[in-house]
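Notes follow once the structure below has been shown.
Please treat every number below as a calculation from the coordinates, not as lab data. The structure displayed is predicted, hence computed values, not measured ones. Cβ coordinates were reconstructed from backbone atoms using ideal geometry, including for glycine residues, and neighbour counts include every protein chain displayed.
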Amino acid sequence: MGREKIREFARALGESAPCYFDVESARALGYPDLVAPPTFATVFTLQAGGQVIHDPELGLDYTRVVHGEQRFVQHRPIFAGDEITSTVSVESIRSAAGNDMITVKTQVHAIDGELVSTVYTLLVSRGVGDAS
């Protein structure tokens with residue numbers, strides 16, 4: 001993961017903590033390099049989630065999907081220089097008020113296998129009769 005990508009993400013969030021921008025500030029806090037904001041895993045999970053969205057077995061009509069919520073479980077911070085992989089799975093599917101509620105779980109690992117973050121995303125597939 002590149003330093004400039006972390007800086008760009010932090011700026012987009014309006015963050016001002018020096019550990020997101022200055023290597024020496026991050027190291028003074030005990031980090032090996034720039035540290036990414038906790039929600040930075042979105043960068044990986046958005047792309048990885050496409051595997052689920054476009055899976056023909058799921059049969060999801062993406063034109064009817066809205067983002068319900070997202071939850072991050074950070075096992076350790078993401079640092080500049082990390083090489084990251086993501087594994088996506090469907091955690092659960094349930095119906096509520098004529099809509100399908102699909103919880104997608106993405107596990108983000110460092111290249112050495114260390115679990116870095118687990119991200120849960122709720123997708124709501126609106127029922128056919130729902131005009132909203």
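Structure data summary
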{"quantity": "Computed helical MRE - 222 nm, the chain, DSSP H runs ≥ 4 contributing -39500 (n - 2.57), nearest 500", "calculated": "-6500 deg cm²/dmol"}
{"quantity": "Degrees, to the nearest 10: 42-53 long Cα axis against longest axis of the chain", "calculated": "20 degrees"}
{"quantity": "Cα long-axis angle, helix 3-13 against the chain (0 to 90 degrees, to the nearest 10)", "calculated": "60 degrees"}
{"quantity": "Length-normalised contact order of the chain in % [C-alpha pairs under 8 Å, at least 6 apart]", "calculated": "24 percent"}
{"quantity": "Placed amide H near His75: partners under 5 Å, 5+ positions off or other chain", "calculated": "Ser117, Thr118"}
{"quantity": "For the chain, built as a Gaussian network whose Cα springs stay under 10 Å, the top-fluctuating residue of Val52, Val119, Val108", "calculated": "Val52"}
{"quantity": "Estimated vicinal HN-Hα couplings, Hz - the range 60-74 in sequence order (Karplus 6.51, -1.76, 1.60; Gly, Pro = x)", "calculated": "7, 8, 5, 5, 10, 9, 10, 7, x, 6, 9, 9, 10, 10, 9"}
{"quantity": "The range 6-20 versus the range 91-105: alpha-carbon centroid distance in Å", "calculated": "33 Å"}
{"quantity": "Simple spin-label estimate for Leu122 and Thr87 in nanometres, 7 Å along Cα-Cβ", "calculated": "2.6 nm"}
